[in-house]
Amino acid sequence: MEKNSKIYIAGHNGLVGSAIIRNLKSNGFNNLVLKTHKELDLLDWQEVKKFFETEKPEYVFLAAARVGGILENDTYPADFIFQNLQIQNNIIHNAYLSGVKKLLFLGSSCIYPRECPQPIKEEYLLTGPLERTNEAYAVAKISGIKMCQSYNKQYGTKYISVMPTNLYGPNDNFDLNSSHVLPALLRKFHEAKINNQKEVLIWGTGSPKREFLHVDDLADACIFLMENYNENEIVNIGTGQDISIRELAEAVKRIVGFEGEIKNDTSKPDGTPRKLLDVSKLHSLNWKHKIELNQGIKDTYQWFLKNYEQS
Ligand code: GFB
């Protein structure tokens, strides 16, 4: 990518898209194309077609998606499968029609089978059944990967797909019903502290393990791969380290400064027992994360405190 290359970031107001923009801007990329949901409805084929015909972006980061935590995925599977398929079909096919030079598609670690050997290598894709709570989302993301690979094969396009682990950071969703675990815990412990509550309820047993990556590290990896990776195969993006939800809750409790107890709400699902990514492929390309979890949680808590009124 040249500094003045025309780059379209789909989903630029979200957790991932906003981090990609911060990174691109700080690296001097000065021709970014951004469209709000009001300006461009990515579910609408005609609008997306017209957008690509008129703007003709050279590079595309496909970070637009219907996303959410375990409960949101489990409650709205129809929305997750329909909206994600529709958004990625519209963008990928119109990118092809308008001659986009390169596209990066963001998948998710939930594409891998539930009972995968750990850590999860890229080649484990489609080797077993998926986790039930996010099957609809995972199937849509797997379709996106296969679509990129099929277009590369049939049309000679350069579309790469990356699989991030669980993400967190600025501009995350802090809504307790629809968010992922890390922002939910920051909010729960913060509110418990200021309201002098005796306990905080965490969902499930606390025993599932998750790997967390700061979204600024993810953005850095995406831009690195856009510039340096041209293979058809997917690439995992993570830290290579995971912790249990119980341990995460203890860490958030300490950082927020809550002194009460942690209790479990076992009426809520645990989801996948573990999904630690094997990041040896990414490391062999010479990219490694920089932000350690403890520091990342502290920074995200500060962001939350500053933006709390809006979240
Ligand atoms: O982050 P999370 O919602 O998604 O939940 P997944 C991770 C774990 O944290 C689960 C537990 O075991 C939850 O039960 N947890 C504990 C909580 N307390 C809470 C809480 O207050 N809120 C939430 N949300 N969880 C998602 C997929 O799975 O991961 C998506 O549904 C996507 O499709 C995303 O792939 C990365 O890691 O289980």
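The values are calculated or read from the model by the stated rules, or taken from the named source; none is laboratory data. The structure displayed is predicted, hence computed values, not measured ones. Neighbour counts run over all protein chains shown; Cβ positions are idealised from the backbone, glycine included.
Overview of values
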read-out	value
Every pair of residues 6+ apart whose Cβ atoms lie under 9 Å, when the first sits in region 161-184 and is in contact (Cβ under 8 Å) with a residue 12 or more places away in the chain while the second is among the aromatic types (Phe, Trp, Tyr) and near the ligand (Cβ under 8 Å from one of its atoms)	Val181/Trp203; Ala184/Trp203
Yes/no for Ala95 being buried (at least 22 other Cβ atoms within 10 Å of the Cβ), in a helix (DSSP H, G or I), within 15 Å of the ligand (Cβ to nearest atom) and among the hydrophobic types (A, V, I, L, M, F, W, C)	no
Per-region count, region 1-33, residues of a type in the set (D, E, K, R) and either buried (at least 16 other Cβ atoms within 10 Å of the Cβ) or under 23 Å from the mean Cα position of the chain (by Cα) (or both)	3
Residue identified as touching a strand residue (DSSP E or B) at 6+ places or on another chain (Cβ under 6 Å) and either closer than 19 Å to Glu211 by Cα or touching a residue at least 12 places away in the same chain (Cβ under 8 Å) (or both) among Cys148, Cys116	Cys148
Subset of region 100-111 [more than 10 Å from the ligand (Cβ to nearest atom), within 21 Å of Leu85 (Cα to Cα) and assigned to a loop (DSSP other than H, G, I, E, B)]	Val100
Which numbered condition Gln302 fails, given (1) of a type outside the set (Ser, Thr, Tyr); (2) farther than 25 Å from Ile70 by Cα; (3) exposed (fewer than 13 other Cβ atoms within 10 Å of the Cβ)	(2)
Count of residues meeting criterion [hydrophobic (A, V, I, L, M, F, W, C), touching a strand residue (DSSP E or B) at 6+ places or on another chain (Cβ under 8 Å) and more than 30 Å from Lys146 (Cα to Cα)] in region 192-231	5
Sole exception among (1) part of a helix (DSSP H, G or I); (2) surrounded by fewer than 20 Cβ atoms within 10 Å (Cβ to Cβ); (3) in contact with a strand residue (DSSP E or B) (Cβ under 7 Å, 6 or more places away or on another chain) for Lys263, by number	(1)
Residue within region 253-263 that is at pLDDT 95 or above, among the acidic types (Asp, Glu), within 24 Å of Leu71 (Cα to Cα) and within 13 Å of the ligand (Cβ to nearest atom) present	no
Some residue of region 277-286 being more than 19 Å from the chain's Cα centre (by Cα) and closer than 20 Å to Pro170 by Cα	no
Strands (runs of 3 or more DSSP E) completely within region 112-221 that count 1 or more residues being more than 9 Å from the ligand (Cβ to nearest atom) and surrounded by fewer than 17 Cβ atoms within 10 Å (Cβ to Cβ)	199-203
Condition check for Leu276: at pLDDT 95 or above, within 16 Å of the ligand (Cβ to nearest atom), buried (at least 22 other Cβ atoms within 10 Å of the Cβ) and closer than 18 Å to Ile111 by Cβ	no
Test result for Lys56, on the phi > 0 side of the Ramachandran plot and over 16 Å from the mean Cα position of the chain (by Cα)	yes
Glu233 among the acidic types (Asp, Glu), in a loop (DSSP other than H, G, I, E, B) and closer than 12 Å to Ile160 by Cα	yes
Residue count, region 45-87 (criterion: more than 10 Å from the ligand (Cβ to nearest atom), of a type in the set (Phe, Trp, Tyr) and crowded, with 20+ Cβ neighbours inside 10 Å)	4
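Residues checked against (1) basic (Lys, Arg); (2) touching a helix residue (DSSP H, G or I) at 6+ places or on another chain (Cβ under 6 Å):
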{"position": "Glu135", "(1), (2)": "no, no"}
{"position": "Gly144", "(1), (2)": "no, yes"}
{"position": "Lys158", "(1), (2)": "yes, no"}
{"position": "Ser161", "(1), (2)": "no, yes"}
{"position": "Asn171", "(1), (2)": "no, yes"}
